[in-house]
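*Asks:* Okay, here's the structure, questions in a sec.
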Amino acid sequence: MSIPTSTAGGSPQPSIRPGNGEPVPIIASYPPWQGLQLHSLAVAVEFRCGPCGLRHESAMVATSPGTLVCPSCYARLSLAAAPVPAQRSAVRW
Ligand SMILES: [Zn+2]
């Protein structure tokens, strides 16, 4: 384990703490979507998904305020959300 010596940004390394486990470093975080944010973790973690209540072991986990969400539920919830048009044409042709 190594501790980054340069913390010029002032922000600590992002991590996620699944259930009763130790904090796991987050490698990458994807843009939030419908209150959900998908994270890629350094190692697979075991956690209980809030929406479906099942236990999962995955290196991909989404977070929602106060709970963890498995990739399956993340996809389901993302698809269930009404798609927002990427571009709204402000110009009328
Ligand atoms: Zn789930």
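Laboratory data are not the source of any read-out in this text; all were calculated from the coordinates shown. Only a predicted model underlies this, so the values are computations on that prediction, with no experimental measurement involved. Quick reminder, even Gly has a Cβ in these numbers, built from the backbone with ideal geometry, and neighbours come from all protein chains shown.
*Asks:* In the range 17-58, which residues are in contact with a Pro (Cβ under 9 Å, 6 or more places away or on another chain) and under 17 Å from L79 (Cα atoms)?
*Replies:* Listed by number, the residues that qualify are G35, Q37, L38.
*Asks:* Turning to a different aspect of this structure: May I ask you to list pairs of residues, at least six apart or on different chains, whose Cβ atoms are under 6 Å apart, with the first in the range 60-80 being over 13 Å from P32 (Cα atoms) and the second being within 12 Å of the ligand (Cβ to nearest atom) and in a helix (DSSP H, G or I)?
*Replies:* Going by the 6 Å Cβ cut-off, the qualifying pairs are M60/P71.
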